[in-house]
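Rule-based calculations on the coordinates, nothing more; no lab input. Fair warning: this is a prediction, and the values are worked out from it, not measured in the lab. Cβ placement follows ideal geometry from the backbone for every residue including glycine, while neighbour counts extend to all protein chains displayed.
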């Protein structure tokens, strides 16, 4: 289980989708799950703490069952709460927590989807980093600083950690 | 995907766990998921229509992703709403709906867990068959009548349908 966590706009999905592609190319039985995509399947999922937690727990459970059947899961979720991530870690045999540590200022400067501007204007509530906390990992297996590393370099770091590099 | 649906106490989990065991013995990559067991993992799951629907949609999604990776999923859920079951059918490549058609009177007579008595006393709300509807499948791939068939016979029928019989 390669679990990417980080703020909205940190670059985690960009890196994670590339990792997924690279693993597929190498013939790994791999599944990519993404917080935004799952919210499209389950549009009623809200953004309060309890709704986020439930969403993550269910997602984590699904991922752990996939992992139990030999599937490598690449997951990209803001997953802002430490406790939710620890719940998923406990479910999984091998949990690699990858912290995409792009600082808030940089995510907000990029603001690819315009969400930070909307959150600052109060149009979006419970937005992680603005009016909802992001609890950074304390001992992640890997930390990626997207200011210092290119996407390719980040992908390489993850693949090295996964041991899938030939 | 072998999806067992039926009233509480209809015998679906008894048959489904036996099917799971038999498939495992035959070396099939199989996962068993059970409504009651999942509710223990996610205790906040309620019994209103919208909560049941969400629970089933999420479960169905998980099952479909397992199936996409070559896992045979044996699922035992009351799954009382036709629409929820159809949602799961659409997600899955191969969906075998198995209707454990034990009538309400017989389930209530058996009342293995004493739940019907409690529901009749009003101690449990939204209990399927009592004060919440069960929408029976219209065209299930298989219907099992547990009054006419033994558990062994039911298991055989399912395995025949799955094509795993040697």
Original post:
Simple spin-label model, 7 Å along Cα-to-Cβ: residue B:138 to residue B:94 in nm?
Top reply: 2.6 nm
Original post:
Taking the label point 7 Å from Cα in the Cβ direction, how far apart in nm is residue B:26 from each other copy of itself, listed shortest first?
Top reply: 3.5
Original post:
If one takes the longest principal axis of the Cα atoms in chain A, at what angle in degrees, from 0 to 90 and to the nearest 10, does the Cα axis of helix A:12-25 lie?
Top reply: 20 degrees
Subject >> the protein assembly as shown - mean residue ellipticity at 222 nm from DSSP helices (-39,500 (n - 2.57) per run, n ≥ 4, rounded to 500) >> reply: -14000 deg cm²/dmol
Subject >> Mean separation of Cα contacts under 8 Å (6+ apart) over length of chain B, as relative contact order % >> reply: 35 percent
Original post:
If we hang a label 7 Å off Cα along the beta carbon direction at residue B:148, how far is it from the matching labels on the other copies, in nm, shortest first?
Top reply: 7.2
Original post:
So how do B:149, A:66, A:142 line up by other beta-carbon neighbours within 10 Å, fewest first?
Top reply: B:149, A:142, A:66
Original post:
Quick one: label points 7 angstrom along Cα→Cβ at residue B:124, distances to the other copies in nm, smallest first?
Top reply: 4.2
Original post:
Taking every residue in B:44-55, how many Cβ atoms of other protein chains lie within 10 Å of its Cβ, on average?
Top reply: 1
Subject >> Computed over segment A:86-166: relative contact order in percent, which uses C-alpha pairs under 8 Å that are six or more apart >> reply: 37 percent
**OP:** Would you compute, for the Cα atoms of chain A, the largest minus smallest coordinate along each principal axis and list the three values in descending order, in whole Å?
**Re:** 47, 33, 29
Original post:
Once the Cα atoms of helix B:82-91 and of chain B are each reduced to a long axis, what angle between those two axes, in degrees from 0 to 90 to the nearest 10, is obtained?
Top reply: 20 degrees
Original post:
Just counting partner chain Cβ atoms within 10 Å, what average do the residues of peptide B:68-75 show around their Cβ?
Top reply: 3
**OP:** Please average, across the residues of A:56-63, the number of beta carbons from any other chain that are within 10 Å of each residue's own beta carbon, and give a whole number.
**Re:** 4
Subject >> Estimated FRET transfer efficiency (residue B:125, residue B:104; beta-carbon r; R0 22 Å; 0.05) >> reply: 0.80
Subject >> Chain A Cβ-axis minimum, rotational copy B, residue and distance in Å >> reply: A:62, 2
**OP:** Please give the helix B:49-68 orientation as an angle from the longest Cα principal axis of chain B, in degrees from 0 to 90, rounded to the nearest 10.
**Re:** 10 degrees
Subject >> Between segment B:106-143 and segment B:1-74, the Cα center-to-center distance that results, in Å >> reply: 18 Å
Subject >> Taking N as its residue count, the alpha carbon Rg of the protein assembly as shown over 2.2 N^0.38 Å >> reply: 1.12
